[in-house]
Structure formats: structure tokens, C-alpha cells
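Everything below concerns the one structure shown next.
What follows draws every value from the coordinates through simple rules; no lab data is involved. As the structure is a prediction and not an experimental result, all values here were calculated from the model. Please note: Cβ atoms are built from the backbone with ideal geometry, for glycine as well, and neighbour counts cover all protein chains shown.
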Amino acid sequence: MSQQFFEEIYDEYFDKIYFYVLSITCDKDEAKDISQETFVKIYTILDKIEKIENLKAYIYRIARNLSMDRFRIIKKVTGFLNRVTFEDVIYREEESNDEYFSLMESMKKIKKEYRNILHLRYYENLSYEEIAEYEKISIGTVMSRLNRAKKALKEVIL
């Protein structure tokens, strides 16, 4: 594949991957590093990319794996997994700062598994099928996790 094709992929997915990784790491610098690493990996397999059936899910899988690898390293070094500072949360134009910070505060109180699935469905607008493929789980499992995640978030908010 061409350099131009890579640039198109980068332009289409970089911000989405960055915000996805940010939702996992809650750290802007880590999210930027991991996002860049994701696209370095994509660039190295550029000649094989046409064989990938669902490129979007593949890119998200790389980003998730790199994020999890980073968490394993952080856990070994620092002894804790969730590092959240609200000063690092990015402002989203479609929501006010207060609403977004409140949502992020509530989200950090639910299981990471639930945060991830809510992010994929409602922030990234992935279909159940895309989430199932990305997470390597059945569509039924996606639906039940989303239901449990919404219930958990509702309990935290109320």
C-alpha cells in the first residue's frame, strides 16, 4: 500500500484512537505515545493491510493491546493501575466541562471492562458486531456487558 493510503488511515483514525487510549489510561502523554505506537505498527504492516477484513477493529485491537502492555509495566513499577487526574481529561465540544468531568468521575468508579465497552459503543459509535469482533466475544456478551455497564453507571450517578 502507498504512503498516501497510510496518511488517509492516520487522518481518519488517529484522534479516535487517541481518545480511546485516553479513556483507558487517563493520561494525555501516555495516550499520545500509545496512539503513535499504534500507527507505527500499522505502518510496518502496510503491505499486508489489504488482507485485514475489519481495519477499524484491527487498529483498536492494537491500541488496546499496547495500552494493556503499558498498564502491566506501570503496575509492576508503581503498584497501581488506575491513575486519573481530572486536569488531564480532554474537553469535548459537544459537552460542557462540568458534565464531562462529572461523567469521567462516575466512569472511573465502574469496572474497567464496563468503561471500555461504554466507550466503544457510545464514544466511538461501534456496532455490536464491531465490538464483538474487537473484543473477541459474542454479540450476546456485548449486549449483556453493555446492559450491566449502564446499570453500574446509573447506580454510581444516582
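For the range 1-54, which GluC sites (Glu not before Pro) are in a loop by DSSP, counting at most 11 other Cβ atoms within 10 Å?
Taking the range 1-54 and a limit of 11 other Cβ atoms within 10 Å, the loop GluC sites (Glu not before Pro) found are GLU53.
Give me the log10 of I(q) over I(0) for the range 114-158 at q = 0.19, 0.21, 0.31 Å⁻¹, as the Debye formula computes it from C-alpha points; what are the numbers?
-0.51, -0.61, -1.12
Using only Cα atoms, locate the centre of the range 117-149 and the centre of the range 1-64, then give the distance between them in Å, rounded to an integer.
The range 117-149 and the range 1-64 have Cα centres separated by 19 Å.
Using a cut-off of 23 Å between alpha-carbon atoms, which lysines can reach LYS51, once sequence neighbours fewer than 8 places away in the same chain are excluded?
Filter leaves LYS16, LYS41, LYS136.
What is the sum of charges, Lys and Arg at +1 and Asp and Glu at -1, for the other residues whose Cβ falls under 12 Å from the Cβ of ILE42?
For residues surrounding ILE42, the net value is -1.
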